[in-house]
Structure formats: structure tokens, C-alpha cells
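Following: one structure in C-alpha cells, then a few remarks.
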Amino acid sequence: MAGICQDRVVIVTGAGRGLGKAHALEFARQGAKVLVNDLGVGRQGEMSDEASPADEVVAEILSMGGTAEVNGADVADWDQAKVMVDQAVELWGRLDTLVCNAGFLRDRMLANMSEQEWDAVVRVHLNGHFAPARHAVAHWRDRSKAGEEVVARVVNTSSGAGLLGSIGQGNYAAAKAGIATLTIQQAAEWGRYGVLVNAIAPDARTRMTEGVIYDSQDLDPDIFDEKDPANASPLVAWLGSAECDVTGRMFEITGGELNVCDGWQHGPVAAVEGRAFRADEIAAAVHESIAHAPPPAPVYGVN
């Protein structure tokens, strides 16, 4: 039986390990041709002399009877991101789905964070989402303007840290929050070209969380592993398929549970009639609005 992504051309960034690997394998199981991107860096973005793990993922897909190729682009680099998109188009004639997943951590409390730690994380996550998507949408826009019916999908990767904040991860949280807003912006601007854009905030055991939040030791193979990154991949495959009929939405997913998330909303209004507030009226107005609004979810790591 054909999968829900049969013959779709898909790029998955950061697909050598963890969530990206699980997504690439799921797309292959669903019949897609997959360009497996991975730069091969460590958890904190350090370069490695080892062979790219993307080669192993491609080998696994080929052993399943699927179709896949390796790409080693730095997705946060403008020119390399374009070459990656061009590679998929040259290999298989078009691009249908882009899954932006690549990233790493440089955790530190904001009061101690260096400029380099900030820049490196914002670059790989935020630039690494924008650059590939910008080149992908140019491809889709050209096809749409040529009269072709485009059925394109983008799946971005945010995080609970980006939605709620996370102590000790201010750079990562800010970048992931940017990705959440980038998602709704892309969805609003790109629907005219046949592009639907959504994002996930997965709760899973990956290289970035293993040993920090989750421990993979002593897992019982007979018990459902709620933090297996592969649990998120069916959602990603559906969002990347022609069956997907939603756009501009954020989904949290963990284990066998998913939920849609709301972003910022206009809250209760406190007002004065026919004029601006005076400074001595602001405190009462602020607290009046807060009193009628739902309380914010707590930042991760706050006791």
C-alpha cells in the first residue's frame, strides 16, 4: 500500500540523528524520496572528524527499499541552503516538502552567556529555518507563477522552550520563539503559492536532551517509550503530505498525545474614554487587564 507521502520529494535538515533521523525514516516509509541533510556536528555545534551520520540514515532507507541521498550543507549558510534545495530539484525534478529540524545547544544562564554562545544558537536555529525555506519558496513561487498547481509543505521545529521559556536556555528559547512566529508569517505570505506551513514543539529524548532532561539507560523494551523521537514523526509526515489541510499552526507532541497551541492573543482591554492614559492611571489599568486574563504557563525550570 502506498504511503501518505508517495513520490513526494522531501528535505529533512539535521536528519543524521534524533528527531531528524526519525522523520527521514518515516517519510521514506510513507513513500517519499528523501534528501537527508546533516552537517555532522556535535551536540554543541562542534565539528567532528567522523563520517556524517546522514550516510548511515541513507543506507538504512536504501535497505528498506526507499530512495534517499545525502546532503552535507550548513543550512544556516545562505548559499549552501540554496545548493541543498537545488540538489533535491536536480535529483528528482522538484521539491514538495521541507522539514527544518537542524540545531544544537549552547546552554548558559543569560547573565553569563557570551555573544558567541548567543549568536551560534540563534544562527543555526533561526537562520537555519529561514534560509532553506526562502530558497524553497522561490522554487514553489516560480512553479506557481508558471501555472502549475503546487502542493508544497513546510514543517518547522520549535520547542516548549520557545513557547514558554526555559531557565538556562535563553538563546535557544529566543530562537525557537522566533521560529514559532516565523511559522505564522510564512503561512500568511506563502499560501498564495500553494504552500502550507506548520510547526511542532516535540517533547522527546534526543541528543540535545539526553542526559540533561531524559536518560535512555535501562529502558524496558517491553514498555512504550513515551520519549522516543520517532513518536513525533507520523505527525511530521502528515504535515508534510498532500493530505495536510491546516496551516499556520503549532503542535506539541509527546508519546501518544498531541495538541494545538495558541500563540499571543489580544487580552482583556482596560480603557479610558476619549483620551490617553495618565501615568498615575497605568498601574490600575495594567492590573485590571491582568485580572481578567488567564495566567501564563510557567517557564521551564522555575520552581
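The values are calculated or read from the model by the stated rules, or taken from the named source; none is laboratory data. The shown structure was predicted, so the numbers you read here are calculated from the model rather than taken from an experiment. In this analysis, Cβ positions are derived from the backbone assuming ideal geometry, glycine residues included, and neighbour counts consider all displayed protein chains.
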Name the residues in the range 134-158 that are free of Cβ contacts under 8 Å to residues at least 60 places away in the same chain, in contact with a helix residue (DSSP H, G or I) (Cβ under 7 Å, 6 or more places away or on another chain) and outside any strand (DSSP E or B), would you? H135, V137, H139, W140, R141, S144, V150
Log entry, pairs with first residue in the range 260-277 being assigned to a loop (DSSP other than H, G, I, E, B), second being of a type in the set (S, T, Y), beta carbons closer than 7 Å, six or more apart or on different chains, reads G267/S289; P268/S289; V269/S289; A270/S289
Do you know which of the residues in the range 62-88 that are in contact (Cβ under 8 Å) with a residue 60 or more places away in the chain and among the β-branched types (V, I, T) is nearest to K33 (Cα to Cα)? V85
If you go through the range 279-303, how many residues are of a type outside the set (A, V, I, L, M), over 26 Å from S166 (Cβ atoms) and exposed (fewer than 10 other Cβ atoms within 10 Å of the Cβ)? 1
Quick one: count up the residues across the range 120-142 that are surrounded by fewer than 18 Cβ atoms within 10 Å (Cβ to Cβ) and more than 20 Å from D38 (Cα to Cα). 3
Restricting attention to the range 1-17, the residues that are in contact (Cβ under 8 Å) with a residue 12 or more places away in the chain and surrounded by fewer than 24 Cβ atoms within 10 Å (Cβ to Cβ) number exactly 7
Pairing a residue in the range 90-113 that is in a helix (DSSP H, G or I) with any residue that is buried (at least 19 other Cβ atoms within 10 Å of the Cβ) and modelled with pLDDT of 95 or more, where Cβ atoms lie under 9 Å and the two sit 6 or more apart in sequence or on different chains, gives L91/V9; L91/K33; L91/L35; W92/V9; W92/K33; W92/L35; L110/G170; L110/N171
Residue hits (the range 167-180; in contact (Cβ under 8 Å) with a residue 24 or more places away in the chain and either farther than 26 Å from T254 by Cα or touching a Ser or Thr at 6+ places or on another chain (Cβ under 8 Å) (or both)) are Y172, K176, I179, A180
